Each structure stands twice: as structure tokens, then as C-alpha cells.
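Novice: Here it is: the structure, laid out below.
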Amino acid sequence: QVQLVQSGGGLVQAGGSLTLSCAASRRTSSSYYMGWFRQAPGKEREFVAVISWRGSTTYYEDSVKGRFTVSRDNAENTVYLQMNSLKPEDTAVYYCADSDRSTVPRRPGEYRYWGQGTQVTVSS
């Protein structure tokens, strides 16, 4: 079992920045990727970004490319999501998740452990 504890988030004005953190209690030999998802009220959970624990693979959803950056600290088992130029449509609960898939996972069903979620609200 892997526990993911999220921190960060909050309220910010449009154009502002926030950084989310996701600390894993441990990494297993099958932990290949850490992903970020978000879910707005009344909408399905959607993929935001993903990073590999090994190598340098990252992948972003089109609407956040150039604004969001995912990074990791292997020594701390922590993944970050730096969010810049935030827009009101970025408002959602953000989740981090761990995947044991060997190819880049972009669907919720490809992840096995989830963080508790953190609210990000962007005011216009």
C-alpha cells in the first residue's frame, strides 16, 4: 500500500501561480509514474500531467501545456505541480495518483493509489 499526501492549493486570482505537492509514503518497484488529475463540479476527472519516476518522461494535457510544470524529487518521494498563468477554468479539485503501468498512463483507471485531493480556486 502507498499513501499519497497532498499539500498546496487554495484561492488565487487569474494570472497567478500555485504549487501542489504530493508526497508518497514509499515507492515500490512497480511505481513507474505519478500523475495529476483534476475534477470540477459536475464533470469527470480529467488528466492534467504525468511524470515518470525514472528517466525524464513528462506529458501534459493540451490546455495546460506551457503553463503547468510537473517535477519530482526522488529523494523525498515527492512530486510537484507548478501552475502558472492560472485561469478560472483551472478551478477544480486536484488529485495526484500513482501508476504501475509501463507506458504513459492518462486515464484514471490506469492509476492504483490516489491522494486526498486539494481544492484550487481561480477567481476572475
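The values are calculated or read from the model by the stated rules, or taken from the named source; none is laboratory data. Everything numeric in this text was worked out from a predicted model, so none of it was measured. Cβ sites come from the backbone with ideal geometry, for glycine too, and all protein chains shown count toward neighbours. What goes into the accessible areas is simple: the full protein's heavy atoms, side chains included, and nothing from ligands, DNA or RNA. Shrake-Rupley method; radii C 1.70, N 1.55, O 1.52, S 1.80 Å.
Novice: Name the strands (runs of 3 or more DSSP E) wholly inside the stretch 15-124 in which the number of residues that are on the phi > 0 side of the Ramachandran plot and open to solvent by 10 Å² or more (accessible area, probe 1.4 Å) is 1 or more. Before the answer, list the steps.
Specialist: Values: elements: 18-24, 33-39, 46-52, 58-60, 68-73, 78-83, 92-99, 118-123.
No strands (runs of 3 or more DSSP E) qualify here.
Novice: I need the full set of residues from the stretch 56-111 which are closer than 17 Å to ALA23 by Cα and touching a residue at least 60 places away in the same chain (Cβ under 8 Å), in order please.
Specialist: Within the stretch 56-111, TYR80, LEU81, GLN82, TYR94, TYR95, CYS96, ALA97, ASP98, SER99, ASP100, TYR111 meet the criteria.
Novice: Moving to a separate point now. The conditions are (1) over 22 Å from SER56 (Cα atoms); (2) at pLDDT below 95, and GLY115 fails exactly one of them. Which is it?
Specialist: The single condition GLY115 does not satisfy is (2).
Novice: Restricting attention to the stretch 1-14, which residues are open to solvent by 40 Å² or more (accessible area, probe 1.4 Å) and part of a loop (DSSP other than H, G, I, E, B)?
Specialist: Selection gives GLN1, GLN3, ALA14.
Novice: Only residues in the stretch 13-29 that are farther than 11 Å from LEU81 by Cβ count as the first member; pair them with residues that are open to solvent by 60 Å² or more (accessible area, probe 1.4 Å) and assigned to a strand (DSSP E or B), Cβ under 6 angstrom, at least 6 apart or cross-chain, and list the lot.
Specialist: As it stands, the answer is ALA23/VAL5, since those pairs meet every condition given.
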